[in-house]
Amino acid sequence: ASKDVLNEVERNLHDALGVCRNIFLNPKLLPGGGATEMMLSQHLLEKAKSIEGLQQLPYKAVAYALEIIPKTLAQNCGADVVRIITELRAKHAEGGSYFGIDGNLGKITDMKEGNIWEPVLVKSQVIKSAIEASAMLLRIDDIVSGIKKKGQQASKMQPNAENDQETV
């Protein structure tokens with residue numbers, strides 16, 4: 001068991017050093033607890049309202065996807081997810097961009113007052129990775145749907161062997 005404890009301590013120390021490195025590389029912080037994601041979601045939904053037609057759908061999709069972080073935080077701390085997210089949306093709609101979910105209490109709190117912060121470097125990398133993964137999935141989907149379309153067109157162009165045979 002002591003070997004497992006040492007491995008866990010090593011992982012925690014490695015994580016702590018990584019956080020220190022991130023702070024030294026870019027010493028800027030953002031509010032934690034899903035506050036940043038809710039603020040971005042709110043801004044994207046506002047932008048979507050100013051766009052007509054199908055062009056607003058990507059904005060809405062990304063906005064709702066960003067809300068997964070606060071939803072997961074609420075779920076992990078045992079809170080009523082629907083109620084908490086509704087309250088959090090209302091707080092952000094009123095201009096409270098620092099409000100997020102305190103994972104220890106399961107309540108909405110001001111992240112500035114709770115002193116809950118996340119490094120900008122980590123948050124920007126998470127968002128970049130999520131966008132890259134989404135773009136890759138869309139490219140794969142385009143390739144797969146293109147293969148299906150080619151297969152359907154090829155089968156339409158080939159004559160049906162049963163209809164070509166003469167009946168005796």
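Taken together, the values in this text are just the output of simple stated rules run on the coordinates, not laboratory data. Just so we're clear, the structure is a prediction, and the values are computed from it rather than from any experiment. For neighbour counting, all protein chains shown are included, and Cβ atoms are generated from backbone atoms with ideal geometry for every residue, glycine included.
Over 20 Å apart at the Cα level, from the set Lys107/Lys128; Lys47/Lys107; Lys71/Lys107, are Lys107/Lys128; Lys47/Lys107.
Given the convex hull of the Cα atoms of the range 57-140, what is a quarter of its surface area in nm²?
If I average the Cα hull's projected area over directions, I get 6.5 nm².
Annotation: amide H of Leu30 within the under-5 Å range of Glu118, Val120, sequence separation 5 or more or interchain, hydrogens built in the peptide plane.
Normalising the average separation of contacting C-alpha pairs (under 8 angstrom, six or more residues apart) by the number of residues puts the relative contact order of the chain at 26 percent. Normalised by 2.2 N^0.38 Å, with N the number of residues, the alpha-carbon radius of gyration of the chain equals 1.59. First measure r as the distance between the Cβ atoms of Val144 and Arg89, then evaluate 1/(1 + (r/R0)^6) with R0 = 30 Å and state the FRET efficiency to the nearest 0.05. It comes out at approximately 0.25.
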